[in-house]
Amino acid sequence: MDEQLIQQITKLVVEKLQTNHSGTSNIEKENEPLIDLFQNKPTGYRLNEERRETPSGEVTFFNTVTENRKPNVLKAVESKTVSSPNDVKKDEELAELRKKTPARITVGRAGSRPKTNTWLQFRYDHAAAVDAVYGEVPSEILERLDFFQVHSKVQDKEEYIRRPDLGRRLSDDSKATVQAKCQHAPKVQIVASNGLSALAIEENLEDVYLSLKQSLANLTIEVGTSFYVDKGRVALMDEIGEMLQPDVVIMLIGERPGLVSAESLSAYICYKPRIGTIEADRMVVSNIHKGGIPPVEAGAYLGTLIQKILKYEASGVSLVQKEG
Ligand code: B12
C-alpha cells in the first residue's frame, strides 16, 4: 500500500480512537429479535437427563437418549418439498446467519455426507493452511522494511512444530547479532516472526508495521531497532525483554492457520517482559488480515494500546486491574 495513504488512514483512526469516549449504544442491538435455531425439539434426545446408578452405587449413568425416537424420514422429505411459511422464515433466518460469518454453518449435506462443493472447499482451505505453516517469508519484504533477520534455536519446520520451547529462545549467533545491532532500552521494541503462518507476514506485515510506526510517531513514543525472527514463538519476547530492556515489546506473528483464513496475523504485547513472565501479563490483538481487522487500522489501534500500557505501566490482566 501507498505509504502516504497509510499515514492518512493511521492519523484518522488515531484521532477517532482518541475522541471517541462515549462508545456506541447497544440499545439497537438489544432490540434485535433473537434467532431461534432450534424451533423444533431435538429428535432422539430427552430434554431432561435421567440419572441411573449401578446396583453397587459406584457408577452413575446419565441417560439422555430416548428409545425408538428415530426421525420420521418420510415426514421430513414431505415437509421439505411443501415449504410451510415457518420453513421459509427459517431459511431466511439461516441465510442471514450465513452472511454474518465465513464459518461453515448451515451449508447443508448430501445424505450423511458433506456436499461436493463443501468438501472441495475444505480440502482447498486445508492445503492453504499447510502451505502457510511450511512457507517462507519473501526476503524483499524484510529488506523494504529494513528488518534484519535472526533465528530461534529451531533448525527446521518439523522441529519448530514439535519443540515450541526451542522457538522461545534465540540461537547464540542471533543473540550476539541482536545485542550488536539494536538500540538498548527503547520505549518500544517491535519484533516480527513468521510463527505459524509465513503468509500472514507476507500479506500484512508491511501495512501493520508502517501504520504502527506512524501511530507511535504521532503519539511521540520512541521505537527501537525492529527485527525479524525466523521460526519464533510468542514467549521469545521474554528473552528479548531481558536482553534489550525495552518498556514494551510488541511481537507481530503469524497465527496458526484455521480453515477460514491462513493469512491472519496477531500482535502480542507485554510490558517489560522477562523470562518467567506469566501469560496473563501478555495481551493479544488477533485476527489481523483483510477479512478481519484491516492491517492499517490494526497498526493505528496498536499505537494507542501501547500508549495506554505505558501510562499504566502494565499489560494483560494487570492492566485491566490498574485501569479499574
Ligand atoms: C493455539 C491457541 C491457544 C492455545 C495455546 C497453546 C500453544 N502453545 O499454542 C491454548 C489452547 C493454550 C490457548 C489458550 C488461551 N487462549 Co488461545 N488461541 C490459540 C489460537 C487458536 C492460535 C494462537 C497462535 O497461533 N499463536 C501464534 C503462535 C506462534 O504462538 P505460540 O508461541 O505457539 O503460542 C502462544 C500463543 O498462542 C499464546 N496465546 C494463545 N492464546 C492466547 C490468548 C491470550 C489472551 C494471550 C495473551 C496469549 C495467547 O500462548 C501460547 C504460549 O505462549 C488463537 C486463535 C487465533 N486466531 O490467533 C487463540 C486465541 C489467541 N486465544 C484466545 C483466548 C481467549 C485464549 C484463552 C484466554 C482462553 C481461556 N479462556 O482460557 C487462553 C489464554 C492462554 C494464554 N496463553 O494466556 C483468543 C484471544 C482473544 C483476544 N483477542 O483476547 C484467540 C484469538 C481465540 C479467539 N478467537 O477467541 N490458546
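Side notes on the structure shown:
- When residues of segment 94-114 are limited to those that are assigned to a loop (DSSP other than H, G, I, E, B) and of a type in the set (Lys, Arg), the one farthest from ALA262 (Cα to Cα): ARG109
- Number of residues in segment 223-246 that are out of contact with any strand residue (DSSP E or B) (no Cβ under 7 Å at 6 or more places or on another chain) and farther than 20 Å from ILE201 by Cα equals 4.
- Single condition PRO164 does not satisfy, out of (1) within 16 Å of the ligand (Cβ to nearest atom); (2) under 25 Å from GLU3 (Cα atoms): (2)
- Yes/no for ALA298 being within 30 Å of HIS126 (Cα to Cα), surrounded by 21 or more Cβ atoms within 10 Å (Cβ to Cβ), within 11 Å of the ligand (Cβ to nearest atom) and among the aliphatic types (A, V, I, L, M): no
- Enumeration of residues in segment 263-287 that are within 11 Å of the ligand (Cβ to nearest atom) and among the aliphatic types (A, V, I, L, M): LEU265, ALA267, ILE269, ILE278, ALA280, MET283, VAL284, VAL285
- Applying the condition of being assigned to a strand (DSSP E or B) and more than 13 Å from the chain's Cα centre (by Cα) to segment 269-308 and asking which residue is farthest from VAL188 (Cα to Cα) yields ARG282.
- Being in a loop (DSSP other than H, G, I, E, B) and more than 10 Å from the ligand (Cβ to nearest atom) is a property that LYS311 lacks.
- Listed here are the helices (runs of 4 or more DSSP H) enclosed by segment 130-193 that have at least 2 residues being surrounded by 17 or more Cβ atoms within 10 Å (Cβ to Cβ): 139-145, 172-181.
- ARG233 being within 13 Å of the ligand (Cβ to nearest atom), among the basic types (Lys, Arg) and buried (at least 22 other Cβ atoms within 10 Å of the Cβ): yes
- Per-region count, segment 206-230, residues under 17 Å from ILE269 (Cβ atoms) and within 14 Å of the ligand (Cβ to nearest atom): 1
- Only a single criterion out of (1) more than 8 Å from the ligand (Cβ to nearest atom); (2) under 13 Å from the mean Cα position of the chain (by Cα); (3) of a type outside the set (Gly, Ala, Ser); (4) within 30 Å of ARG162 (Cβ to Cβ) is not satisfied by ILE240, namely (2).
- Residue pairs meeting the criteria (Cβ under 9 Å; at least 6 apart or on separate chains; first without any contact (Cβ under 8 Å) to a residue 12 or more places away in the chain, in segment 136-163; second surrounded by fewer than 16 Cβ atoms within 10 Å (Cβ to Cβ) and not in a helix (DSSP H, G or I)): SER139/GLN149
- Checklist (1) part of a loop (DSSP other than H, G, I, E, B); (2) modelled with pLDDT of 95 or more; (3) within 13 Å of the chain's Cα centre (by Cα) applied to LEU252, failing item: (1)
- Selection status of ILE253, within 11 Å of the ligand (Cβ to nearest atom), in contact (Cβ under 8 Å) with a residue 12 or more places away in the chain and out of contact with any helix residue (DSSP H, G or I) (no Cβ under 7 Å at 6 or more places or on another chain): yes
The values are calculated or read from the model by the stated rules, or taken from the named source; none is laboratory data. The structure presented is a predicted model; accordingly, all values stated were derived computationally and were not measured. For neighbour counting, all protein chains shown are included, and Cβ atoms are generated from backbone atoms with ideal geometry for every residue, glycine included.
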